[in-house]
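Note sheet for the following structure.
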Amino acid sequence: MSEIRFRGVGKHYGDVEVITGFDLRIHDGEFMVLVGPSGCAKSTTLRMIAGLERITSGELLIAGKRANELLPAERNISMVFQSYALFPNMSVRENLSFGLRVRKTDSATVASEVDRVTGLLGLGDLLDRKPRQLSGGQAQRVALGRAMIRKPNAFLFDEPLSNLDAELRVQMRGEIIEMQRKLSTTTVYVTHDQVEAMTMGDRIAVMNKGCIMQLGSPTELYRRPANTFVAGFIGSPRMNLLEPGDLLGDCDPTVGIAHDRTGKLGIRPEHLLVESDDGAVPIGDARVTRIEDLGHEVLIHLRNARGTSLTARTGGRIAETVQSGQTVSLALRFDCLHSFETATGERLT
Amino acid sequence: MSAAAAVSRRYRLTARLSQAWAYAFTGAMVLFSLFPVYWVFATSLKTKRDGLANPPLWIFDPTQANYLKLWSHDTFKFTFLNSIIVTGIGVALSLSIAIPAAYVIVRMKMRGRRFFGAWLILAYMLPEFLFVLPMFSLYQWTGLYDTHAGLALMYQVHVLPLSIWLLSSFFGEIDFAIDEAARMEGATHWQILTKIYVPCSLPGVAATAILNAIWIWNELAIAIGLTFSRAQTVTLGVTSFRGYAALDWGAMTAASIIAIVPMLLFAVVAQKHIVKGLTLGAVKG
């Protein structure tokens with residue numbers, strides 16, 4: 001069992017309160033992603049699990065035992081850092097075996113564990129190289145190997161892919177997921193990249209200002225965001241968040257959805273239809289301000305007569321008919337609308 | 001010739017001229033700073049008569065008599081050996097204290113860190129004699145007076161602040177995540193220091209050791225104050241050629257040349273480390 005549990009955890013730096021009353025339960029073998037904007041305390045949360053940050057109040061339980069006072073080494077947790085943090089003076093072999101050697105593991109076991117990990121990650125040819133002789137992807141793989149070799153209670157990842165190029169990031173993403181599924185080790189993964197969050201996590205905790213704004217599966221977060229923060233954060237391009245009447249004023253068909261005109265409306269870009277009335281309610285015209293043609297899909301940025309900026313996502317073929325500056329008709333599907341309370345931003349429907 | 005070509009030619013000419021000035025200025029500075037060394041070296045190769053000639057002789061018959069005289073001069077040989085011992089102890093002592101101290105300063109949240117930093121600089125700037133006078137009685141009382149260990153210990157007053165300051169900047173260049181990764185792997189602070197920090201900062205450690213060795217080897221004021229006969233260093237050995245009524249210029253200059261040879265060789269051999277160490281982190285890769 002290697003469940004990780006926060007019970008009312010708080011973290012202060014002097015008078016500055018970073019996290020207050022934080023509760024989270026990460027199940028044994030689960031892949032939990034902490035996602036949020038810079039400064040939301042996701043890395044601090046991860047570092048508290050690692051033991052690299054002291055917990056000011058509350059309780060952290062790892063495998064059912066209180067871990068607040070345990071040193072990082074006593075928690076049997078491995079961490080992969082954003083900068084990989086490989087030891088520059090050591091070869092790949094020495095990097096991989098460092099944790100075992102400082103724990104005085106016998107040399108035969110060290111050798112066999114190094115063989116096991118190098119086999120799993122395909123590091124066989126790199127064992128005698130120094131970190132400076134590795135590419136970004138190779139260095140990342142060595143960091144993964146170093147994390148795996150001790151068979152830890154949990155893996156912690158602190159934005160491990162942010163230094164890689166787009167192609168390698170996709171590849172490494174797959175390798176991390178595969179490794180986690182194979183080992184079934186509890187994993188906590190911090191990222192600000194929502195694509196990583198959506199594609200990797202069993203569950204995602206969306207964080208802001210030291211609080212969890214929503215905890216759920218990627219599908220739940222996307223389909224039923226609990227508040228305007230999550231609605232705006234999850235999904236790219238972000239959800240169109242509108243005040244009532246932003247579309248057509250008093251005769252706005254969406255006004256009825258928003259409770260007593262006090263609610264905010266959320267429309268995912270793919271639910272805003274351009275030049276199409278395919279069973280949707282027309283919501284007037286808008287001028288195309290910019291088109292981003294991504295090939296398989298087109299993002300159309302619009303501004304309507306009330307000055308409201310909107311983004312629509314459509315299939316690639318529309319790029320042939322719609323041009324920047326052109327006025328187009330808009331429609332939306334009511335069954336896909338989200339509504340939120342204006343004052344608190346909480347979901348209404 | 002086109003206007004562009006003329007401009008390009010003028011630009012090249014200006015660049016060459018400024019380069020020539022730079023070389024000329026540097027050359028003049030090198031000559032200026034090396035002239036005393038040349039003068040001492042030339043005197044060491046002159047006979048007594050040639051050495052005292054007025055006006056000075058620029059062309060003379062060199063002699064090795066002064067160097068041969070050193071060979072039979074027991075005091076000089078003894079002080080030379082003392083310097084090797086004191087420098088060895090002093091450098092070892094300074095590194096063994098400064099390395100852990102620099103690690104603590106850089107990596108641990110310590111109260112009064114800024115005050116400590118200011119104290120380091122202040123201690124480095126104070127004149128050596130300031131420490132000699134109050135220490136004289138204490139050294140006599142504790143038995144450290146005129147001993148190798150006592151002298152090496154006193155030198156720490158000067159070399160430790162410099163060493164801690166230098167090593168702190170070298171250690172500060174190491175990504176803190178490496179330290180954290182090692183802690184996660186189960187390493188103690190001592191293991192992190194010895195297995196990661198020191199090997200990663202080897203050029204910096206070497207540069208610090210070399211600078212300390214040079215300073216200790218050349219020191220005179222503390223050596224005068226805290227030694228009498230048993231632990232006298234080579235800087236005092238050089239002055240032993242001064243009598244009550246006369247100075248043996250030839251032997252004294254030969255002794256000076258011999259005295260600077262070890263540090264000169266040390267500096268030449270380790271120049272790569274010194275430059276690498278002192279520029280460590282100056283340019284981010």
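Quick check for me: using +1 on Lys/Arg Cβ and -1 on Asp/Glu Cβ, what's the dipole size of chain A about its Cα centre, in debye to the nearest 20?
1300 debye
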Please give the average number of partner chain Cβ atoms lying within 10 Å of the Cβ of each residue in A:68-79, rounded to a whole number. 3
Calculate the length of the line joining the C-alpha centroid of segment A:278-307 to that of segment A:1-52, in whole Å. 40 Å
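Exposure proxy check: A:MET207, B:MET263 ranked by fewest other beta carbons within 10 Å?
Ascending Cβ contact count within 10 Å gives the list B:MET263, A:MET207.
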Can you give the calculated 222 nm mean residue ellipticity of chain B, where each DSSP H run of n ≥ 4 adds -39,500 (n - 2.57) and the sum is split over every residue, rounded to the nearest 500 deg cm²/dmol? -24500 deg cm²/dmol
Within 10 Å, count the other beta carbons around each residue, average over each peptide in B:180-188, B:22-30, and list them highest first. B:180-188, B:22-30
Under the helix-only model (-39500 (n - 2.57) for each DSSP H run of 4 or more, divided by the residues of chain A), the mean residue ellipticity at 222 nm, to 500 deg cm²/dmol, is -7500 deg cm²/dmol
Is the shape of chain B best called rounded, prolate or oblate, per the rule: a/c under 1.5 gives rounded, else a/b larger than b/c gives prolate, else oblate, with a ≥ b ≥ c the square roots of the Cα gyration tensor eigenvalues? oblate
Just report the Cα centroid separation between segment A:91-109 and segment B:83-151, whole Å. 38 Å
Footprinting exposure proxy for A:CYS40, A:CYS336, B:CYS200 (fewest neighbouring C-beta atoms within 10 Å first): A:CYS336, B:CYS200, A:CYS40
Write out the trypsin sites (Lys or Arg not before Pro) in segment A:85-171 meeting two conditions: DSSP loop, and at most 12 other Cβ atoms within 10 Å of their Cβ. A:LYS104
In terms of modelled amide H atoms, which long-range or inter-chain residues lie less than 5 Å from the amide H of A:PHE22? A:GLY8, A:VAL9, A:GLY10
Tabulate in residue order the Karplus-calculated ³J(HN,Hα) for segment A:231-242, using 6.51 cos²θ - 1.76 cosθ + 1.60 with θ = phi - 60°, rounded to whole Hz; enter x for Gly and Pro. 4, x, 7, 8, x, 9, x, 5, 5, 6, 10, 10
Other chains' Cβ within 10 Å of A:81-89 residues: what's the mean? 6
Once amide H atoms are built 1.01 Å from N in the peptide plane, which residues 5 or more positions from A:PHE157, or in another chain, come under 5 Å H to H? A:VAL80, A:VAL188, A:TYR189, A:VAL190
Filter the GluC sites (Glu not before Pro) in segment A:15-85 down to the DSSP loop ones having no more than 16 other Cβ atoms within 10 Å, then list what survives. A:GLU69
In percent, how large is the relative contact order of segment B:69-284, given Cα pairs closer than 8 Å and 6 or more residues apart? 33 percent
Going by amide H atoms built from the backbone, whose H comes under 5 Å of the H on A:LEU86, apart from near neighbours? none
Restricting to the protein assembly as shown, compute how many DSSP beta bridges are antiparallel as a %, nearest 5. 75 percent
Whole-Hz ³J(HN,Hα) from phi, Karplus 6.51 cos²θ - 1.76 cosθ + 1.60, for segment A:129-135, glycine and proline x: 7, 8, x, 5, 9, 9, 7
When the dipole is taken about the Cα centre of segment B:102-178, and only Lys, Arg (+1) and Asp, Glu (-1) are charged at their Cβ, what size is it in debye, to the nearest 20? 440 debye
In sequence order, what are the phi-derived ³J(HN,Hα) couplings for segment A:267-273 according to the Karplus relation 6.51 cos²θ - 1.76 cosθ + 1.60 with θ = phi - 60°, rounded to whole Hz, with x for glycine and proline? 10, 5, x, 6, 9, 9, 9
Farthest positive-ward along chain B dipole, Cα basis, beta-carbon charges - from B:ALA4, B:ALA231, B:LEU45: B:ALA4
Once you keep just the Cα pairs under 8 angstrom separated by 6 or more residues, what percentage relative contact order results for segment A:1-118? 23 percent
In whole angstrom, how far apart do the alpha carbon centroids of segment B:55-77 and segment B:157-200 sit? 48 Å
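Rounded to a whole number of µm²/s, how large is the Stokes-Einstein D of the protein assembly as shown at 20 °C and 1.002 mPa s, given Rh as the Kirkwood radius over C-alpha pairs?
Once the numbers are plugged in, D ends up at 68 µm²/s.
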Fraction of alpha-carbon pairs in chain A farther than 28 Å apart, rounded to whole percent, equals 53 percent
Value of relative contact order over chain A, rounded to a whole percent, pairs C-alpha under 8 Å and six or more apart: 16 percent
Expressed as a whole number, the average count of other chain Cβ atoms within 10 Å around the Cβ atoms of A:201-212 is 0
Compute, for segment B:69-284, the length of the dipole vector about the Cα centre, with Cβ point charges of +1 (Lys, Arg) and -1 (Asp, Glu) only. Units Debye, rounded to 20. 300 debye
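No lab work stands behind these numbers, since they all come straight from the coordinates. These numbers come from a predicted model, not from an experiment. Positions of Cβ are backbone-derived with ideal geometry, glycine not excepted, and every protein chain shown enters the neighbour counts.
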